[in-house]
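The values are calculated or read from the model by the stated rules, or taken from the named source; none is laboratory data. Keep in mind the model is a prediction, meaning the values are calculated, not measured. Methodologically, a virtual Cβ is constructed for each residue, glycine included, from the backbone with ideal geometry; neighbour enumeration extends over all protein chains shown. Heavy atoms of the whole protein, side chains included, go into the accessibility calculation; ligands, DNA and RNA do not. Shrake-Rupley method; radii C 1.70, N 1.55, O 1.52, S 1.80 Å.
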Amino acid sequence: MSEVLVIGGAGYIGSHVVKDLLAAGFKVKVYDNLSTGHKCNLFKEAEFVKGDILDFATLDKAMSDVSAVVFLAAKKAVGESMENPAKYALNNINGTVNVLNAMSKNNVKAIVFSSSAAVYGNPQYIPIDENHPLNPLNFYGFTKVETERMLEWYDRLKGIKYASLRYFNAAGYDEAGDIKGKDENPQNLLPIVMSAAMGERPYLEVFGTDYDTEDGTCIRDYIHVSDLAKAHVLAVKKLLAGSSSMTLNLGTGKGTSVKEVIRAFEKVLKIKLPVKYASRRPGDPDKLYASNEEAFKQLGWRPQYLDIEDIVRTFAAVYMK
Ligand code: UD1
């Protein structure tokens, strides 16, 4: 049985990936420093190593008997990346160098990497496909562009095959409630709306109502975390079967506006949300959604959660226990 090392496996997306890898019959080892991941997200069927990606010796040891790596550990708050680029350079870039060097040393030849739609910046056309120019607007997006370039070189020079998965707006939780930990201090719309719905914050601010969209609010592509997890398992299988490297968008291909998100929460939770209309947040493009045809071609992957209300329903699994 192949063993997969999931770096960042106690985190929000990582824990969903671990669940699906175990269900697919893989032996799984989780590597996580628990800085934002949760102990309660660990599965007893998976071995756990507490370690940091900046600690090469521990990483090297954890890598000794694995066939593939799923690498999710990273800093991901866009605003913070602009205020503290050093933290992002260190964790996201140096961290990736360590992971690739440890793989190289231990002869591990397959990596599934968490990239982001942040690599594209302002869309020149939509839906965005993988050939769209890369013009990140923030330092976080820059770190993802740089690490993707590093992956290309380690493929060329060391024969490490990669699947770089560019997530659009990850959202929702495992419907079965098997993942217990909430994403801590999230900066993203859906968890913010959910916490306003729970009364954890007094109101929700809508950043801009004068965008070039039908209802004036921004349009994004919300992709359910369990759909993301499925793509990781397919990518691991394909790389282990000897595939060449690939870079794939993971989104639904469908856009949803901020007002549509609010309406979905109000309908599903049968509440009226406290909303304040505020001015635009700098750097937000009007519309952003993916072409996911390449992921279908390469992996046979199609997302299951296409209706925002179905995604909203899954928040209840962790927020209302
Ligand atoms: C997010 C990620 C970015 C990633 C991208 C992938 C963050 C902060 N951003 O960006 O890294 O590359 O998805 O597509 O993690 N909004 C409000 N009120 C709020 C919060 C958000 O109106 O309190 C609006 C925003 O202006 C935006 C939309 O909701 O129009 C979504 O915002 P957000 O969840 O932050 O995601 P993105 O900005 O798309």
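So what is the relative contact order of the range 22-181, in percent, for Cα pairs below 8 Å that sit 6 or more residues apart?
23
Could you check the spin-label model distance between residue 185 and residue 94? Points 7 Å from the Cα along Cα→Cβ, value in nm.
Distance between the two pseudo-spin positions: 2.0 nm.
Run the simple label-point estimate for residue 281 and residue 87 please: 7 Å along Cα→C-beta, distance reported in nm.
1.6
Can you work out the Karplus-derived ³J(HN,Hα) for every residue in the range 244-253? Use 6.51 cos²θ - 1.76 cosθ + 1.60 with θ = phi - 60°, whole Hz, and x for glycine or proline.
7, 6, 8, 10, 9, 6, 10, x, 7, x
A 30 angstrom limit on the alpha carbon distance is what I want to check against. Which of 27/180; 144/237; 180/267; 76/259; 230/272 exceed it? Intermediate values should be presented prior to the final figure.
Numbers: 27/180 21 Å; 144/237 23 Å; 180/267 25 Å; 76/259 25 Å; 230/272 34 Å.
From 27/180; 144/237; 180/267; 76/259; 230/272, over 30 Å: 230/272.
Long-range amide H contacts for residue 170: which residues qualify at under 5 Å (H placed 1.01 Å from N, peptide plane, sequence gap of 5 or more or a different chain)?
It is 223, by chain and number.
Give me the distance in nm between label points sitting 7 Å out from Cα along the Cα-to-Cβ direction at residue 293 and residue 244, one decimal.
Rounded to a tenth, the inter-label distance reads 2.0 nm.
How much area per residue is accessible in the chain when the probe is 1.4 Å and only protein heavy atoms are counted (Å²)?
44
Starting from the Cα-Cα distance between residue 214 and residue 176, subtract it from 0.36 nm times their residue separation and give me the gain in nm to one decimal.
10.2 nm
So, in Å, what gap is there between the alpha-carbon centers of the range 252-321 and the range 138-191?
For the range 252-321 versus the range 138-191, the Cα centre distance is 18 Å.
Looking at the chain only, what percent of DSSP beta bridges run antiparallel? Nearest 5 please. All intermediate terms of the calculation are to be shown ahead of the outcome.
On the way: 2 of 39 bridges.
Antiparallel bridges: around 5 percent, rounded to the nearest 5.
Rg (Å, one decimal) plus Dmax (Å, integer) for the alpha carbons of the chain?
19.0, 56
How long is the range 177-321 along each principal axis, judged by its Cα atoms, biggest number first, in Å?
52, 39, 24 Å, listed from the longest principal axis down.
I need the chymotrypsin sites (Phe, Trp or Tyr not before Pro) found in the range 29-127, filtered to DSSP loop residues with at most 14 other beta carbons within 10 Å of theirs.
125
Could you give the length gained by full extension between residue 270 and residue 201, i.e. 0.36 nm per residue of separation minus their alpha carbon distance, to one decimal place?
The residue 270-residue 201 span can extend by a further 23.0 nm.
Give me the percent of the accessible area of the range 43-82 that comes from carbon and sulfur atoms, probe 1.4 Å, all protein chains in place.
56
Could you work out the relative contact order of the chain, using alpha carbon pairs under 8 angstrom and six or more residues apart, expressed as a whole percent?
19
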